[in-house]
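Below is one structure; the comments refer to it alone.
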Ligand code: FES
């Protein structure tokens, strides 16, 4: 069942968290935990990738380049902004499906199961057990009828891959949202 639109209060809360994650990475987000806790204690064999579209806020919340970890814990999705465009990475390792963690200091995602690494765009690193990049979720703009605001919706039920057919490939227009 689709999640209800965010209330203004919950949206503001999410927005504040999103900005803080980028501007003050040591204080919030999952990166701190991932760096300090033994990976074995963070291991999650089964991904909890969200099964329905969800709202992540307005375009303005993602103008600052960086990896936004706000929706990782709840939805297994990371948002990555270049400042001009946005992608939504599924935090699901492409080796055997464990949940990957963002390591802010290394600017990389790491899988706790067999240590595969991916760069900030989700591309698997040489030597990793994971042989393909992280999948990307569909993104689109929707109107919130309660606030008449234009918001970004992530759809983790529509995934795009580096080697998928045209309608499921990274290059598909729905796999990236232009922020300008
Ligand atoms: S499940 Fe991620 S490296 Fe094996």
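The values are calculated or read from the model by the stated rules, or taken from the named source; none is laboratory data. Keep in mind the model is a prediction, meaning the values are calculated, not measured. Glycine also receives a Cβ, built like all others from the backbone with ideal geometry; neighbour counts cover every protein chain displayed.
Residue 154 - would you say it is away from the ligand (no atom under 11 Å from the Cβ), modelled with pLDDT of 95 or more and over 20 Å from residue 75 (Cβ atoms)?
no
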Checked region 85-104 for anything under 25 Å from residue 54 (Cβ atoms) and either more than 10 Å from the ligand (Cβ to nearest atom) or surrounded by fewer than 20 Cβ atoms within 10 Å (Cβ to Cβ) (or both); matches are 85, 86, 87, 88, 89, 90, 91, 97, 101, 102, 103, 104
The one condition residue 112 fails out of (1) farther than 14 Å from residue 77 by Cα; (2) within 13 Å of the ligand (Cβ to nearest atom); (3) in contact with a strand residue (DSSP E or B) (Cβ under 9 Å, 6 or more places away or on another chain); (4) modelled with pLDDT of 95 or more is (4)
Of the candidates 107, 125, 64, the one satisfying the condition of being within 16 Å of the ligand (Cβ to nearest atom), over 18 Å from residue 160 (Cβ atoms) and more than 13 Å from the chain's Cα centre (by Cα) is 125
